[in-house]
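Notes to accompany the following structure.
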Amino acid sequence: QHTLLFHVDNLKSSHRDPKVNDQFDMWLNHKHSEHGKVVSHRGKIYDYLGMELDYSVAGKVKIGMIKYVKNMLEDFPEKLKETDTLKTPAGDDLFNKGQGKMLKTKRAEEYHTMVAKSLFLCKRARPDIQPTIAVLCTRVKEPNEADWAKLVRMMKYLNGTTQLRLTLSAGNLHCIKWYVDASFAVHPDYKSHTGATMSFEDGEGAVQSVSRKQKLNTRSSTESE
């Protein structure tokens with residue numbers, strides 16, 4: 001089986017026989033040489049769309065975005081010290097609308113930018129911040145000082161966990177396991193929140209994860225689930 005992944009003009013090719021990848025590389029350069037040389041990278045560890053994919057351990061892949069997180073911390077308007085860390089990305093007030101003035105235009109734009117960068121991060125290598133980002137995303141249109149404080153808390157958590165990577169493995173590709181739950185009426189408008197993770201049997205890591213606000217109001221926890 002020759003597996004190809006496409007993302008715009010970025011490709012990932014894999015095959016148990018290295019010669020197949022050699023032939024594919026030659027074909028790409030022959031087909032598109034008029035537009036420039038197709039640059040390829042081979043090995044157990046390489047970068048792909050901001051992710052570091054590590055296949056050095058047989059049967060596992062470790063997905064890290066360490067450089068990405070460090071760049072986020074450098075771009076964050078509030079400079080954090082090494083000691084500015086927290087053990088969790090969110091507090092008990094995560095779902096509360098919170099008090100405080102509306103953020104001024106510049107700060108609101110900074111809030112929107114950092115939430116968007118965090119959304120890209122949590123979808124690829126850091127599902128541990130996904131519930132926090134799901135809530136912060138609902139506030140990008142009208143963020144207030146309380147929302148900014150929640151963003152700062154999450155950044156402090158990232159500051160102390162820059163080295164964390166997502167490890168994926170599968171013992172049985174024919175058996176998929178989903179774990180799904182819902183929190184009833186936790187949002188300010190009394191909508192519920194859904195959380196779910198998918199993994200393979202005898203494997204580890206969330207191959208796919210979901211954390212999002214429900215679109216409809218429900219009348220009970222049973223209905224929300």
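The values are calculated or read from the model by the stated rules, or taken from the named source; none is laboratory data. Bear in mind the structure is a predicted one, so any value in this text is a computation, not a measurement. Please note: Cβ atoms are built from the backbone with ideal geometry, for glycine as well, and neighbour counts cover all protein chains shown. In case anyone asks, the SASA skips ligands and DNA or RNA and just uses the protein heavy atoms, side chains included. Shrake-Rupley method; radii C 1.70, N 1.55, O 1.52, S 1.80 Å.
Data overview
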item	result
Three-way shape call for region 103-157 based on the alpha-carbon gyration tensor, with the a/c threshold at 1.5	prolate
Magnitude of the charge dipole, region 40-181, Cβ model with Lys/Arg +1 and Asp/Glu -1, debye to 20	240
Under the Karplus curve 6.51 cos²θ - 1.76 cosθ + 1.60, θ = phi - 60°, whole-Hz ³J(HN,Hα) for region 125-130, x wherever Gly or Pro sits	9, 10, x, 5, 9, 4
Cα coordinate range in the chain, projected on the principal axes (Å, largest first)	61, 42, 35
Accessible solvent surface per residue of the chain, calculated while the other protein chains remain in place, 1.4 angstrom probe, Å²	65
Greater than 29 Å apart at Cα, pairs in 44/87; 150/215; 31/117; 70/215; 62/191	44/87; 31/117; 70/215; 62/191
Sparsely packed trypsin sites (Lys or Arg not before Pro) within region 126-195, loop by DSSP, other Cβ within 10 Å at most 14	141
Point-charge dipole on Cβ atoms (K/R +1, D/E -1) for region 154-225, about Cα centre, debye to 20	380
Test item: Cα-centred dipole of region 73-148, Lys/Arg +1 and Asp/Glu -1 on Cβ, debye	240
Value in Å of the Kirkwood radius, where region 53-184 supplies the Cα pairs that are averaged	16.2
Accessible surface of region 1-62, 1.4 Å probe, proportion on carbon and sulfur as whole %	54
Farthest positive-ward along region 60-147 dipole, Cα basis, beta-carbon charges - from 136, 68, 91	68
Candidates 41, 112, 193: whichever shows maximal mean-square fluctuation once the chain is modelled as a Gaussian network with Cα springs under 10 Å	41
Gyration tensor verdict on region 149-201 (Cα atoms; rounded if a/c is under 1.5, prolate if a/b is larger than b/c, oblate otherwise)	oblate
Rounded tilt (10° steps) of 66-75 against the dominant C-alpha axis of the chain	40
Candidates 78, 204, 110, ranked by Gaussian network fluctuation over the chain, Cα under 10 Å, top entry	78
Value at 222 nm in deg cm²/dmol, rounded to 500, when DSSP H runs of n ≥ 4 in the chain each add -39,500 (n - 2.57)	-10000 deg cm²/dmol
